[in-house]
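Trainee: Please find one structure pasted underneath; my questions will follow.
The values are calculated or read from the model by the stated rules, or taken from the named source; none is laboratory data. Everything numeric here is computed off the predicted structure, so don't read it as measured data. All Cβ positions, even for glycine, are placed from backbone atoms using ideal geometry, and neighbour counts span all protein chains on display.
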Amino acid sequence: MTTEDVSQSPFLRACRGEETPRTPVWFMRQAGRSLPEYRALRADTPMLTACRTPDMIREITMQPVRRHGVDAAIFFSDIVVPLAAVGVDVDIVAGTGPVVGQPIRDMAGVEALRDLTPEDVPYITEAVGMLREELGATPLIGFAGAPFTLASYLVEGGPSRTYAKTKALMHGAPDVWHALCGRLAGITASFLKVQIDAGANAVQLFDSWAGALSAADYGMFVAPHSAAVLSAVARPGVPRIHFGVGAGHLLAAMGEVGADVVGVDWRIPLTEAAGLVGDRALQGNLDPTTLFAPEDVLAHEVRRVLAEGKAAKGHIFNLGHGVLPETDADALTKTVEYVHRFSAR
């Protein structure tokens, strides 16, 4: 396996807006959840333990590549892994999500957050190295949570529907907010750099909850910190993908923070999104629930997304959010087959 082999993969070519033999496809949350082999492997292992065990990271990352034949692997981890690595009291509670023992809502809490170093996450370096050896010419995508999404967990203490505490801190104590996000931007950038230095071929910055914000709040309180992360990890030949859920009203702004590829959820057509993000490739955007539909409906929707994707500089087929846990794994395999067959040039 050579660097040239990976660099000419359909996925990386599409990220650069180059012609591809077919539209590449991978799925967010493809590494697990819907796969019976994943559930069997994880049966007695807590999430954070799995994310710190190189052999499990390697195996879980490879499972969907073997089963579905996707065009890129997404590194198995969780957005709170770097927070735990720098000493934050956080756990991933089944059925709930990340829960923070001591929420951060003042400057003292911010100042207690320390920087992340490669020595904090040796399991990441080891696992990425193992994966690069096994993946051959298939690219590996590293990832991290964006400052806003991480901050929302830290401020709220866990998942939230309203982000009331987060928004209250933004507007009521903007100095604390910007200090928190600045610290998180540094941690996130360091976490992504570890993955890139170990051999990741692309990175994705997930701002899962950015869609909860107005465009004005996003521009003032979030965009500068996401831009700082993406600027810090700029490397020749390593595309940067940026994705948010429910963020159709933010796409123009998200296209300006420094990503090479902008992910799009299912709520906005790719034809419309292409006009908002500038000279950038798009990733998306099949509704994840379409995977529960009859095969003829699934085939029609795949064709529609592929057709709309032609409006973009480059197109990577994906879901508009993550794979739902109850998804039939065979439907994902069928989707990959459809994407490759319908888009073959």
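Trainee: Does Ser160 satisfy being touching a helix residue (DSSP H, G or I) at 6+ places or on another chain (Cβ under 8 Å), within 18 Å of Thr188 (Cα to Cα) and small (Gly, Ala, Ser)?
Mentor: No, not satisfied.
Trainee: So the check is Cβ under 6 Å with 6+ separation or different chains; which pairs have a first residue in segment 130-158 that's among the polar types (S, T, N, Q) and a second one that's in a helix (DSSP H, G or I) and modelled with pLDDT of 95 or more?
Mentor: Short answer, once both residue conditions are applied: Ser152/Thr166.
Trainee: Would you point out which residue out of Pro98, Pro159 is in a loop (DSSP other than H, G, I, E, B), touching a strand residue (DSSP E or B) at 6+ places or on another chain (Cβ under 9 Å) and farther than 20 Å from Gly219 by Cα?
Mentor: Every option except Pro159 fails the conditions.
Trainee: Also, quick follow-up: Can you find even one residue in segment 143-153 that is in contact with a helix residue (DSSP H, G or I) (Cβ under 7 Å, 6 or more places away or on another chain), part of a loop (DSSP other than H, G, I, E, B), under 26 Å from Tyr218 (Cα atoms) and among the small types (Gly, Ala, Ser)?
Mentor: Looking for residues that are in contact with a helix residue (DSSP H, G or I) (Cβ under 7 Å, 6 or more places away or on another chain), part of a loop (DSSP other than H, G, I, E, B), under 26 Å from Tyr218 (Cα atoms) and among the small types (Gly, Ala, Ser), one finds at least one in segment 143-153, hence yes.
Trainee: Pick from segment 92-118 the residues that are over 24 Å from Gln204 (Cβ atoms) and among the charged types (D, E, K, R): which of them is surrounded by the most Cβ atoms within 10 Å (Cβ to Cβ)?
Mentor: Here the residue is Arg105.
Let's see how each residue does on (1) surrounded by fewer than 22 Cβ atoms within 10 Å (Cβ to Cβ); (2) under 21 Å from Ala73 (Cβ atoms); (3) in contact with a helix residue (DSSP H, G or I) (Cβ under 7 Å, 6 or more places away or on another chain):
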site: Arg267; (1), (2), (3): yes, no, yes
site: Thr271; (1), (2), (3): yes, no, yes
site: Ala274; (1), (2), (3): no, no, no
site: Asp296; (1), (2), (3): yes, no, no
site: Glu326; (1), (2), (3): yes, no, no
site: Ala344; (1), (2), (3): yes, no, no
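Trainee: Just checking, does segment 270-286 include any residue being over 20 Å from Val25 (Cβ atoms) and at pLDDT below 95?
Mentor: yes
Trainee: While we're on this one: Restrict the check to segment 166-189 and report whether at least one residue is among the acidic types (Asp, Glu), in contact with a Lys or Arg (Cβ under 6 Å, 6 or more places away or on another chain) and either crowded, with 19+ Cβ neighbours inside 10 Å or farther than 30 Å from Met56 by Cα (or both).
Mentor: Taking segment 166-189 and keeping what is among the acidic types (Asp, Glu), we get 175.
Now narrow it down to the ones that are in contact with a Lys or Arg (Cβ under 6 Å, 6 or more places away or on another chain): none.
No, because not a single residue in segment 166-189 is among the acidic types (Asp, Glu), in contact with a Lys or Arg (Cβ under 6 Å, 6 or more places away or on another chain) and either crowded, with 19+ Cβ neighbours inside 10 Å or farther than 30 Å from Met56 by Cα (or both).
Trainee: When both residues are 6+ apart or on different chains and their Cβ atoms are under 6 Å apart, which pairs have a first residue that lies in segment 321-333 and is hydroxyl-bearing (Ser, Thr, Tyr), and a second that is crowded, with 16+ Cβ neighbours inside 10 Å?
Mentor: Matching pairs, first to second residue: Thr327/Ser34; Thr327/Leu291; Thr333/His68.
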